[in-house]
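In what follows, a single structure is set out as structure tokens and then discussed.
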Amino acid sequence: METDKYITIVPVEYPRIRQQFIRPPDEYSDFPQNRNWPHTRAVRTESSTMRRKELKRSLEHKRSHNHSRNDPIQSCSKPIISAPPAFQTAPKPIQKPLSVYIYTMAEIILHMDIEDANTTTVSDLVDIIIQQKNLGLSRIAKNIFTIWMKSNVLEIQLKPHHKLLTVFQKWPTLEEKYCTQTKKVIFKEPILSFQRNVFFPRKDEEKIKDQKIIELLYAEAKYNVLQGRYPVEVNHCLMLASLQCRIELGPNNLQQYTSSFFRDNRERFLPSHLYKSWSSWLNLDRKSTPHSRLADHLKHIQITGSDRRLYHKYLECCYMLPFYGCAFFHGQIEQPVRGLMSLINHKDVPIYIAVNTEGVYILDCAENSLLLGLKYQDFSWEFAKPSQEDNDHCLPCIFLQFLVLENGTRVSKILQVFSKQAVMIDALIACFVEDFRHKLAMNEYDDVDRTGGFEHISVGDGSQVPLAHLFRSEPQSRLCNKLNKLTLATFDEDGMLNTYLY
């Protein structure tokens, strides 16, 4: 997220009259609260003066008792983004509130001072955001949006019960656990982002009529398109860019915007991966550049309708993308061997593993293309720990098994995906598959083959034992997969290994 582009900061008044009881420790949180931190909740009641003084003396006694073992939170010493960081901590958090900045995709930053930071949960924060008149969101937005904590190497959607300060304290540990550290990557301080909930179904999103919610969804979809997370074909990009021009530049005389204008503003309207396939050395015709094609496209089409309708149209184009609304994880796969040069320079291919409510998708980060897309009814999966857990170069992985037709014969293919975030991918897939099973049992899915199995595949530890053959449905053919760019193991219907293709 390019936080330096944010232009609007909205101060948010944090409610001072809160629940009048102290919450018990969250024993079931993924990030248990640090017992060494003193309770810092500011209690504001209408009780007697004596009671407030007693509470104050109690807190001061506890603070003086724990002073030697409690240090204030230190700001990240690594280079940070130019916009305000997510957290700005005071030297003595027990006396001063925690200043928090929450980013939205609509170029708005929400700023609030949280007095009870140790106990404030994500659910509390979402409630406060939705109540702000500046955003104008209705109550249904709580089901659609949530809080993410994000850095340049790790993105985590926080659970409703997570406590912000606790997660922030744990962030360096999470980055070390789930991110591959290299000399080229400089870890940046995380930010808080108010964005789409990955668990919200797309079919429910398509029914939304609230204009403010649609605008936020449009802003997030546009961000993912321009950042290349939604790899789309050139013609699709031009259509989306045309709609964006009509929304942001207005309806009057779009033809006045020339190729030079879009060249100077290409990061605003066009994803950078379009320029990877075009080179001025190979394409002497300047009219073939993406910005020239966009200017020409606007001259030959007429885009009419209200802004409300245009937002809908942009999202409808994005709904056609199977990976819409995904959570993205970093990973890598083996590169197929193509000749002698591939043997000499045989590096793994960096990828995104994209997971949403409908399936799993493997996206090529370098080429910005979809390599493999699998619906939940079309594959089995298995999480595997690294064989050498103390070796940083030995990564955990996810095995994906699916059926294809090869020379008229049904065979099973297996792809191995390496990622330090594999355990999170496995948990998210398991959650969606369980939900799929439940809806299948409730007859809420009528367009799926109910004979497909969902049992996990079994992998022999350190040996080449064939994966269990669990499919009884026909090979999936809903997505255009580029199997020739993947390194796959192939098994016949009897579970015998046929080939291991590079």
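The values are calculated or read from the model by the stated rules, or taken from the named source; none is laboratory data. None of these values were measured; they are calculated from a predicted model. Every residue, glycine among them, receives a Cβ derived from its backbone with ideal geometry; neighbour counts consider all protein chains shown. These area figures cover heavy atoms from the full protein model, side chains too; ligands, DNA and RNA do not enter into them. Shrake-Rupley method; radii C 1.70, N 1.55, O 1.52, S 1.80 Å.
Quick look at the values:
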item	result
Condition met for GLY228 (open to solvent by less than 40 Å² (accessible area, probe 1.4 Å), of a type in the set (Gly, Ala, Ser) and in contact with a Lys or Arg (Cβ under 7 Å, 6 or more places away or on another chain))	no
Hey, PHE402 open to solvent by less than 40 Å² (accessible area, probe 1.4 Å), part of a strand (DSSP E or B) and hydrophobic (A, V, I, L, M, F, W, C) or not	yes
Residue within the stretch 233-245 that is surrounded by fewer than 18 Cβ atoms within 10 Å (Cβ to Cβ), among the charged types (D, E, K, R) and either modelled with pLDDT of 90 or more or on the phi < 0 side of the Ramachandran plot (or both) present	yes
Qualifying residue in the stretch 203-211 (condition: more than 20 Å from ALA427 (Cβ to Cβ) and open to solvent by less than 20 Å² (accessible area, probe 1.4 Å))	yes
First in the stretch 375-395 and modelled with pLDDT of 80 or more, second anywhere and hydroxyl-bearing (Ser, Thr, Tyr) and open to solvent by 30 Å² or more (accessible area, probe 1.4 Å), Cβ under 6 Å, 6 or more apart	none
Residues satisfying the stated conditions in the stretch 164-181, i.e. touching a residue at least 24 places away in the same chain (Cβ under 8 Å) and open to solvent by less than 20 Å² (accessible area, probe 1.4 Å)	LEU164, LEU165, THR166, VAL167, GLU175, CYS179
Sole residue being on the phi > 0 side of the Ramachandran plot and at pLDDT below 70, chosen from GLY495, GLY462	GLY462
Residue that is least open to solvent (accessible area, probe 1.4 Å), among those in the stretch 347-378 that are over 19 Å from GLY325 (Cβ atoms) and over 19 Å from the mean Cα position of the chain (by Cα)	VAL349
